[in-house]
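*Asks:* Take this structure, written in C-alpha cells, and hold onto it; I'll ask about it next.
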Amino acid sequence: MNTKIYPEKEDALTIGEVSRLARVNRETLRYYEREGIIDLPARKDSGYRIYPLDTVKRIRFIKRAQTLGFSLKEIMEMLTLRNDAKGATCRDVKQYAQDKVKTIEKKLADLKRMRSRLRELIAVCDEENSLNACPILDAFEEGSNNED
C-alpha cells in the first residue's frame with residue numbers, strides 16, 4: 001500500500017473531494033482503506049490524505065458492483081483479476097457473474113417460498129381469535145425452519 005507524501009499535484013484529491021465525486025461518505029473511504037479495497041492514500045505534509053484521481057473510478061466500480069449484489073470480497077477478487085492476474089480472461093469474470101445469478105435465483109426461490117407460506121398463514125388467520133389461537137404464532141412455535 002502506498003503511503004508516501006505527495007507534493008501538491010493537480011490530479012490529487014482530498015478526502016472530501018473523493019467523497020463528493022464518488023458519492024460515498026468519508027467513513028466509507030476510511031473503511032475501504034482499512035480493508036485494502038483502495039490503496040492507502042499519500043499524505044500532505046499537514047497529514048491530510050491525498051488521493052489519485054483513479055480512486056474515484058475504483059470506488060464507482062465498487063459501488064456499481066455492489067448494486068448488482070456482489071460482496072466486497074467478490075469485488076476485491078474481480079479487481080485483483082483485472083489488475084494483477086496474469087492470463088486472466090473475461091471468462092473468469094463471467095464465472096463470477098454466473099455464480100451471482102445462481103445465488104440470486106436461489107434467494108428468489110427462497111423468498112417466493114416464504115411469501116407463499118406467509119400468505120397461507122394469513123389466509124387462515126381469524127383476526128378475532130385470541131393470541132392463544134393464532135395460527136401464525138402457532139406455526140412459528142410448531143413448525144420447522146424447513147417447512148414449505
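*Asks:* What is the list of residues in the range 57-77 whose amide nitrogen lies under 19 Å from a point 7 angstrom out from the Cα of MET114, following Cα to Cβ?
*Replies:* Hits in the range 57-77 for MET114 at 19 Å: 68-71.
*Asks:* For a Förster distance of 41 Å, can you work out the FRET efficiency between the beta-carbons of GLU17 and LYS86, rounded to the nearest 0.05? Kindly include the intermediate steps, with their values, before the conclusion.
*Replies:* Values: r = 34 Å, r/R0 = 0.83.
Efficiency, rounded to the nearest 0.05: 0.75.
*Asks:* Now for a different question. Of (1) 125; (2) 186; (3) 101, which is the value of volume of the Cα convex hull per residue in Å³ derived from the coordinates here?
*Replies:* Read-out from the structure maps to (2).
*Asks:* Per-residue ellipticity at 222 nm for the chain, helices alone: DSSP H runs ≥ 4 residues times -39500 (n - 2.57), over residue total, nearest 500 deg cm²/dmol? All intermediate terms of the calculation are to be shown ahead of the outcome.
*Replies:* Working: 6 runs with 87 residues, N = 148.
Estimated from H runs of four or more residues: -19000 deg cm²/dmol.
*Asks:* Moving on to the next point. Suppose each label sits 7 Å from its Cα in the direction of the beta carbon; what would the LYS44-CYS125 distance come out to in nanometres?
*Replies:* Taking the simple label geometry, LYS44 and CYS125 are separated by 5.7 nm.
Rule-based calculations on the coordinates, nothing more; no lab input. Fair warning: this is a prediction, and the values are worked out from it, not measured in the lab. No Cβ is skipped: glycine too gets one built from the backbone with ideal geometry, and neighbour counts run over all protein chains shown.
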